[in-house]
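What follows is calculated from the coordinates using simple rules that are stated; it is not laboratory data. For clarity, every value in this text was computed on a predicted model and none was experimentally measured. Neighbour counts are summed over all protein chains in view; Cβ atoms, including those assigned to glycine, are modelled from backbone coordinates with ideal geometry.
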Amino acid sequence: MKAFSVEKLHYKYPNSKEDTIKGISFDIKEGEIFGLLGPSGAGKSTTQKILIKLLEGYSGNIQYFGKDLKAIGNSFYEEVGVGFEMPVHFSKMTALENMKFFSGFYKKIANVQELMERVGLWEHRNVRVGNYSKGMKVRLNFVRAMLNNPRVLFIDEVTNGLDPKNARIVKDIISEYRNQGGTVFLSTHLMNDVEQLCDRIAFCVNGNLYDVSTPRDLKLKYGKREVKIEYKEEKETASAVFPLEGIGMNDAFQNILKSKEIETIHSGETSMEDIFIIVTGGVQ
Ligand SMILES: Nc1ncnc2c1ncn2[C@@H]1O[C@H](COP(=O)(O)OP(=O)(O)OP(=O)(O)O)[C@@H](O)[C@H]1O
Ligand SMILES: [Mg+2]
């Protein structure tokens, strides 16, 4: 089942001259984490805003679980959870008061205490959000996105501004949510999020989409397929690179293995960061 099916989506902001989204097509399958990657200004947040019905007046076709998105009423907001890239809270209210306020919009509510405990905010629940640190606001923003136990979760730059430990906690919650059947649309330019979370990704550059694929397939496509070996040579570290193709029959490689003290061996894994630069750099 497809959670979203997007075909030939175009969007132009009323005050801009050209289309910001230039005819993109992609699907988000139910139960997957779909990542939209791309440089600043590419159109990631705009795409998210269209999918959550915040921006209207697009052309093309968007289906949400088989129904035209334009024909779906306010029940849509019961089903989706949204984390905006800029946290939006009432700074004079405490964190818990904020969550109670936003919970008021929904019929079914997640366990707020449990969520706040997991992201380390329960003990700070009675602090005014204006006195929260940046990372605390980001975590609260995430709790807000999960408040209605959504069927589809939209998160824009979800770990931006979080330290590694808190980023891991948030990513674990997102993975668990997916493992329990949830669907996630994540937009980011942080490659760590992508590697650790996404089932499939697409690159968004200048309003177009490229390479909708799994992170693994992208690595195979752009990966260097070579082996780098570092070894001791007269008390110094020497290194050599061999093609992975036919490595078992490569005499020079075998000789090093047999005769030298090996320090490291790595296959030429191209990182997602390299791939990001190759894909987004090559098309602009
Ligand atoms: N309200 C608006 N009116 C006119 N143009 C806009 C508006 N919001 C965004 N844009 C433009 O649309 C383009 C895409 O912006 P968008 O916010 O979707 O980028 P993004 O991929 O999310 O970037 P970032 O990684 O910086 O968050 C940019 O050129 C931006 O200036
Ligand atoms: Mg954005």
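Compare the peptides 142-155, 238-251, 177-190 by average per-residue count of other Cβ atoms within 10 angstrom and give them in order, highest first.
On the way: 142-155: 22.0, 238-251: 11.6, 177-190: 19.1.
Descending packing order for the listed peptides: 142-155, 177-190, 238-251.
What order do you get for LEU51, LEU69, LEU36 when you list them from fewest to most C-beta neighbours inside 10 Å?
Numbers: LEU51 24, LEU69 20, LEU36 28.
Sorted ascending by nearby Cβ count, the order is LEU69, LEU51, LEU36.
In the stretch 36-140, if the dipole is taken from +1 on Lys/Arg beta carbons and -1 on Asp/Glu beta carbons about the Cα centre, which of GLY60, ALA42, ALA71 is farthest to the positive end?
The residue sitting farthest along the positive end of the dipole is ALA42.
Angle, helix 134-146 long axis vs. longest principal axis of the chain, Cα atoms, 0 to 90°, nearest 10?
70
Could you state the per residue volume, in Å³, of the convex hull enclosing the Cα atoms of the stretch 178-284?
Considering the Cα atoms of the stretch 178-284, their hull volume per residue is 153 Å³.
Could you list, bin by bin from short to long, the percent of Cα-Cα pairs of the stretch 151-203 in 10 Å steps?
Bins of 10 Å from zero give 24, 62, 14 percent of pairs.
Please report how far the C-alpha centroid of the stretch 208-284 lies from that of the stretch 29-98, rounded to the nearest whole angstrom.
38
Over all Cα pairs of the stretch 225-268, how is the pair count split among 5 Å bins, expressed in % and running from 0 up to the last occupied bin?
For the stretch 225-268, the pair-distance distribution reads 6, 24, 34, 25, 9, 3, 0.
Just the Kirkwood number for the stretch 1-148, please: inverse of mean 1/r across all distinct Cα pairs, in Å, one decimal. Don't jump to the answer; show the numbers that get you there.
Numbers: mean 1/r = 0.0586 Å⁻¹.
With all distinct Cα pairs of the stretch 1-148 included, I get 17.1 Å.
Once the convex hull of the C-alpha atoms of the chain is built, how many Å³ does it hold per residue, rounded to a whole number?
Numbers: hull volume 50.3 nm³, N = 284.
Expressed per residue, the convex hull around the Cα atoms of the chain is 177 Å³.
Of ASP172, ASP156, ASP199, which is the most mobile in a GNM of the chain whose springs link Cα atoms less than 10 angstrom apart?
Comparing ASP172, ASP156, ASP199 in the GNM, the peak value goes to ASP172.
With springs only between Cα atoms under 10 Å apart, run a GNM on the chain and tell me which of ILE28, ILE174, ILE109 wobbles the most.
ILE109
Give me Rg over Rh for the stretch 92-135, both radii from the alpha carbons and Rh done the Kirkwood way, two decimal places. If you can, show how the numbers build up before the last one.
Values: Rg = 10.6 Å, Rh = 10.9 Å.
With Rh from the inverse mean 1/r over Cα pairs, Rg/Rh is 0.97.
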